[in-house]
Amino acid sequence: MSENDKQGNFWTTLPGIITALTGIITATGGLIASLHATGIFSSQNTQSSSANPPQIQTNTNTCLQQANNATFEVKAYNQNGCKFKILNNKNNVKAHFHASGEWAVGKAADGFEYVTVEGYTREIDESTKKLFKCPDQKLGALIYIRKGKCYHAGEDTVLPLEAEEEINFYINDHAEGYNDNRGIVKVTWDIAN
């Protein structure tokens, strides 16, 4: 029997079939793992099926709240801010927000020291004012956008929220200036009486 006949018969034997199936399974597993790593099989709206779901579900820019009180973070360097919504809320409520911590809109070498969520005392330059999230609010202040309008949140604010309403919290900065910002502010919230 020639060497070619032996090789041709290998694929019709049980060890040959097992080898071929193992290769196919390995390749398929590798493909699935690659697709999962790129996010094709992931879902951002996946919820825990346990009896005690987590109080906060977060990704890089969302702070969806499920409890009646919790804490979320607003990162100074995230231009997408933090989208806040009370999950499964079918009623209008008053939410009390209390922010603490410090952050900075820029490098210390450029004169931007850490400040509270009340923001800097310096005025926003008129030539760049139109590029800010909220041009009429203080530079570096904690702000929120609600129904397309900007508001100052500061250290304490109480907001009447409609059922399922979403608001967005940010540090007030120039649209292209977020990459050198520093710090994270923690916002604790609860249902106000």
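The values are calculated or read from the model by the stated rules, or taken from the named source; none is laboratory data. Since we're looking at a predicted model, the values are computed, not measured. We place every Cβ from the backbone using ideal geometry, glycine too, and count neighbours over all the protein chains shown. Ligands, DNA and RNA are excluded from the accessible area calculation, which covers all protein heavy atoms including side chains. Shrake-Rupley method; radii C 1.70, N 1.55, O 1.52, S 1.80 Å.
In the stretch 79-149, Cα pairs under 8 Å separated by at least six residues give a relative contact order of 24 percent. Residue separation of Leu131 and Asp190 scaled by 0.36 nm, minus their Cα-Cα distance, works out to 18.0 nm of gained length.
Here the contact order of the stretch 112-182, divided by its residue count and restricted to Cα pairs under 8 Å and six or more residues apart, works out to 33 percent. Once you have a ≥ b ≥ c as the square roots of the Cα gyration tensor eigenvalues for the stretch 88-149, tell me rounded if a/c is under 1.5, and otherwise prolate or oblate according to whether a/b is larger than b/c. Since a/c reaches 1.5 but b/c is at least a/b, the shape of the stretch 88-149 is classed as oblate.
Taken over the stretch 115-167, the ratio of Cα radius of gyration to 2.2 N^0.38 Å equals 1.25.
Ranking request for peptides 100-106, 154-160: highest mean number of other beta-carbon atoms within 10 Å first, then the rest in descending order.
100-106, 154-160
Just to confirm a number: summing +1 for Lys and Arg and -1 for Asp and Glu over residues other than Ala163 whose beta-carbon lies under 15 angstrom from that of Ala163, what do you get? Once all neighbours under 15 Å are counted, the net charge is +1. Near His96, once Lys and Arg are set to +1 and Asp and Glu to -1 for all other residues with Cβ below 14 Å from its Cβ, the sum equals -2.
Computed over neighbours whose Cβ is under 12 Å from that of Lys83, the net charge equals 0, Lys and Arg +1, Asp and Glu -1. Using the structure shown, select from Lys129/Lys186; Lys75/Lys138; Lys149/Lys186; Lys94/Lys149 the pairs with a Cα to Cα distance greater than 21 angstrom. Violating the 21 Å limit, Cα to Cα: Lys129/Lys186; Lys149/Lys186.
Accessible surface of the stretch 82-193, 1.4 Å probe: 47 percent of it comes from carbon and sulfur atoms.
Placing a pseudo-label 7 Å from each Cα along the Cα-to-Cβ vector at Leu87 and Ile24 gives an inter-label distance of 4.1 nm. Counted over all Cα-Cα pairs of the stretch 97-193, pairs farther apart than 18 Å make up 46 percent. Across the stretch 158-164, rounded Karplus estimates of 3J(HN,Hα) from the backbone phi angles (6.51 cos²θ - 1.76 cosθ + 1.60, θ = phi - 60°) give 10, 10, x, 10, 6, 4, 6 Hz, Gly and Pro being marked x.
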